[in-house]
Amino acid sequence: MDIKRRLIIYNTLTIIIPLIITAITAFILTFVSSEFLGKTIGYNNFKKVTFINSELLNMTKDIAKSDNKSIEDEHFKSYLESKLAITQGKIIINKNGIVLYSSKDINNISLENTLQQSRDKSRDPIFINDTYYSISSFPIEFKDKSTGNVIFLTPIGKDSGFFKRFIIYVLIAFFASYTLVSIIVSYALSKKILLPISLLKKAADEIKNGNLDSEIVESGDKEIRELCSNFEEMRIKLKDSIHMKTKYDDNRKMLVSSISHDLKTPLTSIEGYVQGILDGVANSPEKLEHYLKTINVKTKQMDSMINDLLLYSKLDLGQIPFNFEKTDIDEYFSYCVEESYVILKHSNIDIKLENHLDNSKYFLIDRERFRRVILNILDNSRKYMNKDRGEITIFIRENNLSIIIEIRDNGSGIDEENTNKIFDRFYRSDSARSNAKGSGLGLAIAKQIVEGHKGKIWANSHKDQGTSIIISLAKI
Ligand SMILES: Nc1ncnc2c1ncn2[C@@H]1O[C@H](COP(=O)(O)OP(=O)(O)O)[C@@H](O)[C@H]1O
Ligand SMILES: [Mg+2]
């Protein structure tokens with residue numbers, strides 16, 4: 001729901017619910033009073049009493065304008081009586097403590113009682129001729145400046161007071177329910193709007209304090225949910241950029257440290273040989289040739305090391321785009337085997353391909369990069385071969401979801417506990433290190449490229465009997 005709609009609904013509820021409660025209260029009151037108390041709400045009665053009171057007030061004004069004579073005047077008396085006939089009220093006019101006029105049907109006893117009650121300022125109704133009357137007395141000043149008072153007797157139905165109380169109860173019901181509903185609605189509103197905002201504020205504080213890990217959960221109304229999701233997006237981007245920066249820093253450190261460390265060894269030997277030549281140690285053409293050849297080998301070693309470093313660094317930073325192509329699996333590996341056949345044969349190693357694919361024929365790879373993976377693995381098999389007759393087999397299999405490529409050799413194998421570590425950058429087993437043939441980046445590069453293909457790479461060691469490097473790639 002959006003905030004605007006919620007506000008409209010809540011505001012409407014704030015009015016409608018109290019009205020409904022008030023209506024129900026009124027209904028219950030009417031029902032209870034008529035069913036159990038035998039009283040009617042008596043609106044008509046109430047109206048009548050109000051009407052009578054206003055009529056009597058008018059009469060007071062008329063009386064105040066008149067003098068004794070006119071009050072005793074038959075004409076005026078009949079005017080009063082005609083008015084009283086409409087209202088069914090009664091009147092007593094006192095002047096200087098003497099009753100100047102009283103309605104005809106008030107007998108002497110009732111008259112005395114009324115006067116007494118009026119003097120006592122009693123508010124009790126008086127009972128005359130089967131009817132209750134309320135007494136109200138108004139002081140007046142006659143034209144001759146003498147004072148007196150007019151006493152009105154207003155007939156009250158026995159339930160007229162009940163209507164007043166009914167109105168009061170209904171009003172109380174309305175205001176009480178209005179207050180209650182307002183409180184509930186405000187609470188609900190604050191829960192739906194303010195609570196998510198306060199959560200967002202908390203998250204913003206976290207980010208301000210450098211904690212970019214606390215996820216912002218979407219909650220509340222549409223606008224606030226959108227705000228939350230934008231905020232979350234911002235958090236992720238910020239986190240990524242910080243992560244990227246750390247990665248760049250790491251990468252830079254890695255390059256500097258490896259250049260200074262790993263390139264130092266071949267550089268030192270080149271320096272040594274060059275110095276030897278300069279000092280005239282290579283004093284025969286054979287020696288000179290040997291020195292120069294060594295320098296050439298070392299230079300090539302450095303070159304390939306630097307290439308590895310740069311490639312790894314670029315892959316690590318995601319700077320190398322992959323160009324995926326649908327490729328015939330068998331054709332591709334046949335070519336790889338063919339390509340490395342001669343070099344391997346030179347080291348007395350045989351290579352063969354075993355294709356166990358049933359259904360799949362193609363996979364999606366970046367041919368150039370994937371070739372690099374295979375070459376790195378084959379190069380290791382060659383480097384770490386310790387048998388007179390080396391054997392490398394590339395098995396290709398498939399399961400439900402993946403194409404599995406296993407490159408198995410019969411070389412030295414890897415210690416069981418190191419099978420995971422060999423994919424770390426710069427990892428070299430001690431024996432390999434002593435040979436110092438590689439950069440220690442070959443498998444790290446292979447892993448980066450395979451992961452760039454959304455695949456997995458791992459190693460199985462067959463201690464002393466060889467190593468399997470296994471790659472799984474999703475089928476297409
Ligand atoms: N086929 C293999 N047989 C034995 N050891 C291997 C094999 N492949 C990799 N290794 C071990 O894993 C280490 C890491 O390999 P790699 O990342 O290619 O680095 P590098 O070849 O430059 O030493 C190697 O130094 C070696 O100890
Ligand atoms: Mg290697």
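Taking the longest Cα principal axis of the chain as reference, the axis of helix 195-208 is set at about 40 degrees. Taking Cα atoms only, the orientation of helix 442-452 departs from the longest principal axis of the chain by about 40 degrees. The relative contact order of the chain, computed from alpha carbon pairs under 8 Å that lie at least 6 residues apart in sequence, is 11 percent.
Candidates Ser136, Gly438, Asn94 compared by Cα position along the dipole of the chain: farthest toward the positive end lies Asn94, with charges placed on Cβ. Here the spin labels are modelled as points 7 Å beyond Cα on the Cα-Cβ line, and at Phe175 and Ile24 they lie 2.2 nm apart. Full extension of the chain segment joining Phe324 with Ser214 gains 36.0 nm, where the gain is 0.36 nm per residue of separation less the Cα-Cα distance. Electrostatic tally near Gly89: other residues with Cβ closer than 9 Å to its Cβ, Lys and Arg +1, Asp and Glu -1, net +1.
With respect to the chain, whose longest principal axis is taken over its alpha-carbon atoms, helix 3-35 is tilted by about 40°. Applying 1/(1 + (r/R0)^6) with R0 = 45 Å to the Cβ-Cβ distance of Lys191 and Tyr248 gives a FRET efficiency near 0.50.
On the beta carbon distance between Ile16 and Ser82, with R0 = 45 Å, the FRET formula returns roughly 0.35. Computed over the chain, the per-residue total of -39500 (n - 2.57) for DSSP H runs of n ≥ 4 gives a 222 nm mean residue ellipticity of -19500 deg cm²/dmol, rounded to 500. The simple spin-label model puts a point 7 Å past each Cα toward its Cβ; for Lys201 and Glu417 those points are separated by 5.5 nm.
Stretched out straight at 0.36 nm per residue, the stretch from Asn359 to Ser284 would grow longer than its current Cα-Cα span by 20.6 nm. Projecting the Cα atoms of Leu353, Ile207, Val281 onto the charge dipole of the chain, computed from C-beta unit charges around the Cα centre, puts Ile207 farthest toward the positive end.
Over region 352-401, Cα pairs under 8 Å with separation of 6+ residues give a relative contact order of 79 percent.
Here the dipole of the chain is about 1460 debye; that uses its Cα centre as origin and unit charges on the Cβ of Lys and Arg (positive) and Asp and Glu (negative).
Values quoted throughout were computed directly from the atomic coordinates according to the rules given, and no laboratory measurement underlies them. Note that the structure is predicted; figures quoted are calculated from it, not measured. FYI the Cβ positions are ideal-geometry reconstructions off the backbone, even for glycines, and counts take in every protein chain you see.
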